[in-house]
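One structure is given here, and the rest of the page talks about it.
The values are calculated or read from the model by the stated rules, or taken from the named source; none is laboratory data. Quick caveat: nothing in here was measured; it's all calculated off a predicted structure. Note: ideal-geometry Cβ built from the backbone for every residue, glycine included; neighbour counts use all protein chains shown. All accessible areas refer to the heavy atoms of the entire protein, side chains included, with ligands and DNA or RNA removed. Shrake-Rupley method; radii C 1.70, N 1.55, O 1.52, S 1.80 Å.
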Amino acid sequence: MPSLRTNGFVRFENVQKTYDGRSLVVKALNLSIGRGEFLTLLGPSGSGKTTTLMMLAGFESATSGEIFLDDELINNIPPHKRGLGMVFQNYALFPHMTVADNIAFPLRVRAIGKAETTERVRQALDMVRMSNFEGRKPAQLSGGQQQRIALARALVFEPKLLLMDEPLGALDKQLREHMQFEIKHLHERLGITIVYVTHDQSEALTMSDRIAVFNDGRIQQLAAPSDLYEKPDNSFVAQFIGENNRLRGVTRALNNGRAEVEMRGGVIVPALAVKAAVGEPTQISIRPERVSLEPQNSEINLEGTVAEVIYLGDHIRIRMQVFDDENFIVKLSNGSARRDFAVGESLRVGWSVEDGRALDV
Amino acid sequence: MTAVELGTEGLERRLARAERRGKLRAFLLVAPLLAFVLLSFAMPILTLVRQAAYNTLVSANLPETTALIADWKVDAPVPEPLCEALVREMHAAKEVDPAIPSRIATFVNRERAGSLSRVKQVANADIKAPYCAGLAALHDDWAQPDIWRALKIVAPSFSPRFFLQALDFRLQADGSIRSQDSNEALHLMLFRRTLLVAAGVTLACALLGFPVAYLLAHVSLRVSNMLLIIVLLPFWTSLLVRTTAWIALLQQNGVVNDTLVALHIIGEKGRLEMMYNMFATLVVMTHVLLPFMILPLFSVMKGINPNFTRAALSLGATPSTAFWKVYFPQTIPGLGAGCLLVFILAVGYYITPALVGGQSGQLISNIIAFHMQKTLNWPLAAAIGTILLAGVLLLYWLYSRLVGIDKMKLG
């Protein structure tokens, strides 16, 4: 594939991984990462995302397939010769060394001179705004501070690529959001290529240029955050990223990219045909905020019953029964047109045809 | 005082009362153990230490003699009142308990060989004034200063002489100290040998135990549990059985020698002497003490996140640098604890060297047993034991200064 060869800074070509020789943890992985890109591997645990990262780092070997870094085949290069920076879950700062010694470690093993080491450690500490902490031991730092030091240590030797394995998993919510922005800004400033692993979809959406959604050892979809949310390719991605309503039916006809889906009771609901075939069961996926109540000029106008109303300040969630889906959620922003809803009340729901995506079941 | 402050004070008092009840309950729960430890451990040790330096056998039974002989200059002639007191008090002591004169005689005899019957005779003989001449008539030894000097040495209640003997020095009657004759100087050599053996065993345990502990910490739980059982197996086998097994292996007609002969590596005449010597002591002690090294190491290694080594590799360290700079320093608390444990146990080890050590493999604990059982010189045994205890405590203190006792992990 010559096209991949030219634009991929990191390339996985038909990579497979098995631990036990029976089941594949990573199945036929093809992935190309551009220089300077922030790519997130997102997925539930056991989906193969961490294994993929470990193969790139060199801690796991690919069972078959090839991995290229900067057009160099790296399958057989040991981890310490790959020159990749890595930030670990729980930081892995060396507990018996001071902050400064931790950051100087990659420079010392490269036999860089004393003066230059001192200077680069100082710069790295400046970069993460931790200049006064060089004499401390890791145990004397908070989680967020340890994370910054781990970042400084992984960047101080100017690696070609930075790998991050759930680096914010151990932090509380507020600090995590703060660090997300800090890492994002650092990426923008340094222009380094980052491969980031997380199971937290909001983290992935916030930070990434592109996201590879993993499930069952395969990339389900590789796309920019907005595309992933608004144009999911299959029901797993639709379900995994954000909130999602599902209406099950059977595709009766396909024309001009539209699927005519027959719901229970014979009602035909049109939807955007993404992954639907005539005669096959399908599910229409609709984001809760795209549903309107009592629609006026909508092609889709269906009957629903209010099951629960939850007041959330800035918006109101209404759980409804639509066809046989009892968990059909409607999100209403708390604007001026607010009115009260009663449980058991009958309401009309509608959405534009393009917002309903007919996906696999 | 305002009402609020009064209220706080009441609160403090109530809190104190509530806490006192809790503390009392905690104390009562540990009281049986405390009593047991005091009775079976602390008291015997204190008695032992006391016995090494303090003995009232002579000073209590011969009080006047003790007082007078303390004033006697070792080069001066023996004054008549001293002779009189000795004769009178020896007879009086015999009246109280017929065994006392011979026990005193044993004491004196340890300082000057050949004094046993001379001293016992005094209690039995009918000696009239002038007493010094009478004693001299009993035996010519009493006309010489040597036996009096020996008596002067053993008379005081407090005496450092056993500690000095334990270190191969002898206390003289004039208070000076000289080193033991070379043919009797045994203890220092044994102390030195014991420390060397303990150090050797500790080193061997560390070298053999480290890879085993590493393996245990890095295989799957199922395998590590099975391996751990193998490590612990020696604990569940009688020491005697294990030692006998080693005898079967190492003796002249043992498995090892037979195998080497059968393989023509050594000739029938060249069978190796591996039993009843220092080699056997080292091998068997290492085997017995190995679990004490492996267990603390294993527990520390299990707690080391594998990401540390990975992080070091990702930062560009070679596997060996990653091991020595990142992994190994984190095992120090376990290694320290294991070394301390093995060394302390090895320093006081008795049964193994006694069984397999032969002559060259005897350690300081064997000489303590020898003094307890054969020469019945309990104060000397106590003095050696006390020095050993002090050495171990010193080591413990050093460890806590260098590594920190709070960092020690025993498993």
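Pop out the carbon and sulfur fraction of the accessible area of the protein assembly as shown as a percent, whole number, probe 1.4 Å.
Values: 22650 of 38740 Å².
That share works out to 58 percent.
Would you mind computing Rg(Cα) / (2.2 N^0.38 Å) for the range A:107-229, counting N as its residues? Mind showing how you got there, number by number?
Numbers: Rg = 16.2 Å, N = 123, 2.2 N^0.38 = 13.7 Å.
Taking the Cα Rg and dividing by 2.2 N^0.38 Å, one obtains 1.18.
Quick one: plug the Kirkwood hydrodynamic radius of the range A:84-162 (C-alpha pairs) into Stokes-Einstein at 25 °C, 0.890 mPa s, and report D in µm²/s. List each step's numbers first, then the result.
Numbers: Rh = 12.2 Å.
It diffuses with D of about 201 µm²/s by this estimate.
What does the average come to when, for each residue of peptide B:295-305, you count the partner chain Cβ atoms lying within 10 Å of its Cβ? Could the numbers behind the result be given before it?
Working: counts 0, 0, 0, 0, 0, 0, 0, 0, 0, 1, 6.
Across B:295-305, the average partner-chain Cβ count within 10 Å equals 1.
With both partners inside chain A, how many of the DSSP beta bridges are antiparallel, as a percent to the nearest 5? Don't skip to the answer; put the middle values down first.
Working: 56 of 76 bridges.
Around 75 percent antiparallel, to the nearest 5.
Count neighbours as other Cβ atoms within 10 Å of each site's Cβ, and list the chymotrypsin sites (Phe, Trp or Tyr not before Pro) in the range A:60-103 that are DSSP loop with at most 12 such neighbours.
On the way: sites: A:PHE68, A:PHE88, A:TYR91; in loops: A:PHE88, A:TYR91.
Here no chymotrypsin sites (Phe, Trp or Tyr not before Pro) fit, given the DSSP loop and packing criteria.
With both partners inside the protein assembly as shown, how many of the DSSP beta bridges are antiparallel, as a percent to the nearest 5?
Working: 60 of 80 bridges.
Roughly 75 percent of the beta bridges in the protein assembly as shown run antiparallel, per DSSP.
Could you work out the mean projected area of the convex hull around the alpha carbons of the range B:1-98, in square nanometres to one decimal?
Dividing the Cα hull surface by four gives the mean projection, 14.6 nm².
Taking only the Cα atoms of the range A:239-361, how large is their convex hull per residue, in Å³?
On the way: hull volume 12.9 nm³, N = 123.
Value for the range A:239-361: 105 Å³ per residue.
Cα-Cα over 24 Å: which of B:LYS302/B:LYS325; B:LYS152/B:LYS374; A:LYS27/A:LYS173; A:LYS17/A:LYS275; B:LYS94/B:LYS152; A:LYS49/A:LYS231? Before the final figure, lay out each step's value.
Numbers: B:LYS302/B:LYS325 18 Å; B:LYS152/B:LYS374 26 Å; A:LYS27/A:LYS173 33 Å; A:LYS17/A:LYS275 28 Å; B:LYS94/B:LYS152 20 Å; A:LYS49/A:LYS231 22 Å.
From B:LYS302/B:LYS325; B:LYS152/B:LYS374; A:LYS27/A:LYS173; A:LYS17/A:LYS275; B:LYS94/B:LYS152; A:LYS49/A:LYS231, over 24 Å: B:LYS152/B:LYS374; A:LYS27/A:LYS173; A:LYS17/A:LYS275.
As a check on your grasp of the helix formula, calculate [θ] at 222 nm for the protein assembly as shown: sum -39500 (n - 2.57) over DSSP H runs of n ≥ 4, divide by the residue count, round to the nearest 500.
Values: 29 runs with 374 residues, N = 772.
Mean residue ellipticity, 222 nm, calculated: -15500 deg cm²/dmol.
Could you tell me the calculated FRET efficiency between A:ASN334 and A:GLU280, based on Cβ-Cβ distance and R0 = 35 angstrom, to the nearest 0.05? Don't skip to the end; give the middle numbers.
Numbers: r = 40 Å, r/R0 = 1.14.
Approximately 0.30, to the nearest 0.05.
Simple spin-label model, 7 Å along Cα-to-Cβ: B:HIS139 to A:ARG22 in nm?
Going by the 7 Å Cα→Cβ label model, 9.0 nm.
Taking every pair of distinct Cα atoms and averaging 1/r, then inverting, what Kirkwood hydrodynamic radius in Å comes out for the range B:73-162? Provide the component values of the computation, followed by the final result.
Working: mean 1/r = 0.0755 Å⁻¹.
Computed over Cα pairs of the range B:73-162, the Kirkwood hydrodynamic radius comes out at 13.2 Å.
Would you mind giving the three semi-axes, in whole Å and largest first, of the ellipsoid equivalent to the range B:1-54 according to its Cα gyration tensor? Before the final figure, lay out each step's value.
Working: eigenvalues 402, 44, 3 Å².
They are 45, 15, 4 Å, listed largest first.
Relative contact order (percent) for chain A, with alpha-carbon contacts under 8 angstrom and 6 or more residues of separation?
With pairs under 8 Å counted, the relative contact order is 15 percent.
With r as the distance between the Cβ atoms of B:ARG222 and A:ASP70 and R0 = 45 Å, compute the FRET efficiency 1/(1 + (r/R0)^6) and round to 0.05. Spell out each step's value before the answer.
Details: r = 42 Å, r/R0 = 0.93.
E between A:ASP70 and B:ARG222, to the nearest 0.05, is 0.60.
Check each residue of the range A:97-129 and keep those whose accessible area, probe 1.4 Å, is at least 30 Å² smaller with all protein chains in place than in the chain alone; give them in order of residue number.
By number: A:PHE105, A:VAL109.
Can you give the Rg to Rh ratio of the range B:264-411, both from alpha-carbon atoms, with Rh computed by the Kirkwood formula?
Numbers: Rg = 20.9 Å, Rh = 18.4 Å.
So for the range B:264-411, dividing Rg by the Kirkwood Rh gives 1.13.
Quick check on packing: order B:40-46, A:47-53 by the mean number of other C-beta atoms within 10 Å, highest mean leading.
Details: B:40-46: 10.7, A:47-53: 23.7.
Top of the packing list down: A:47-53, B:40-46.
Compute the semi-axes of the equivalent ellipsoid of chain B, taking the square root of 5 times each eigenvalue of the Cα gyration tensor, and list them largest first in whole Å. Write out the running numbers ahead of the final one.
Values: eigenvalues 595, 272, 69 Å².
Taking √(5λ) for each Cα gyration eigenvalue gives 55, 37, 19 Å.
Any idea what the relative contact order of chain B is, in percent, if you count C-alpha pairs under 8 Å spaced at least 6 apart? Working shown, then result.
Details: 446 pairs, mean separation 70.1, N = 411.
Across chain B, relative contact order equals 17 percent.
So what is Rg over Rh here for chain A, counting just Cα atoms and using Kirkwood for Rh? Numbers along the way, then the final one.
Numbers: Rg = 24.6 Å, Rh = 23.1 Å.
When Rh is taken as the Kirkwood radius, the ratio is 1.06.
Given Cβ point charges of +1 (Lys, Arg) and -1 (Asp, Glu) and nothing else, what value in debye, to the nearest 20, does the dipole of the protein assembly as shown about its Cα centre take?
On the way: 77 positive and 70 negative charges, 238 e Å.
Using Cβ point charges on Lys, Arg, Asp and Glu, the protein assembly as shown gives about 1140 debye.
So what is the accessible area of the protein assembly as shown per residue, in Å², with the probe set to 1.4 Å? Numbers along the way, then the final one.
On the way: 38740 Å² over 772 residues.
Spelled out: the 1.4 Å probe surface of the protein assembly as shown, per residue, equals 50 Å².
What area, in nm² and to one decimal, does the C-alpha convex hull of the range B:186-332 cast on average over all directions?
Working: hull surface 50.6 nm².
Computed as one quarter of the Cα hull surface, the answer is 12.7 nm².
Once whole DSSP H runs in chain A are found, which of them have Cα atoms spread over 15 Å or more along the helix axis and a mean Kyte-Doolittle score of at least -0.5?
Working: long enough: A:114-127 (20 Å, -1.06); A:143-155 (18 Å, -0.22); A:173-190 (26 Å, -1.29).
Span-like helices here: A:143-155.
Report the calculated FRET efficiency for B:LEU46 and B:ALA16 (r = Cβ-Cβ distance, R0 = 45 Å), to the nearest 0.05. Can you show the working numbers first?
Working: r = 35 Å, r/R0 = 0.77.
Efficiency, rounded to the nearest 0.05: 0.85.
When only Cα pairs under 8 Å and 6 or more residues apart are kept, what is the percent relative contact order across the range A:1-133? Walk me through the intermediate numbers first.
Values: 145 pairs, mean separation 26.3, N = 133.
Contact order relative to length: 20 percent.
Give me the summed buried accessible area for the B-A pair, 1.4 Å probe, to the nearest 100 Å². Spell out each step's value before the answer.
Working: alone 23240 and 17150 Å², together 38740 Å².
The contact between A and B buries close to 1700 Å².
Any cysteines in chain B with zero other Cys Cβ atoms under 4.7 Å from their Cβ? List them, or say none.
Lone cysteines by the Cβ rule: B:CYS205, B:CYS339.
Please state, rounded to one decimal and in Å, the Kirkwood hydrodynamic radius that the protein assembly as shown gives when every pair of distinct Cα atoms enters the mean of 1/r. The partial results should precede the final answer.
Details: mean 1/r = 0.0283 Å⁻¹.
Computed over Cα pairs of the protein assembly as shown, the Kirkwood hydrodynamic radius comes out at 35.3 Å.
Of all trypsin sites (Lys or Arg not before Pro) in the range B:1-102, which ones are in loop regions per DSSP and have a Cβ with at most 11 other Cβ atoms within 10 Å?
Working: sites: B:ARG13, B:ARG14, B:ARG17, B:ARG20, B:ARG21, B:LYS23, B:ARG25, B:ARG50, B:LYS73, B:ARG88, B:LYS94; in loops: B:LYS73.
Hits after loop and neighbour filter: B:LYS73.
Sorted by mean Cβ packing within 10 Å, highest first, what order do the peptides B:216-229, B:371-384 take?
On the way: B:216-229: 13.1, B:371-384: 18.3.
The most tightly packed comes first, giving B:371-384, B:216-229.
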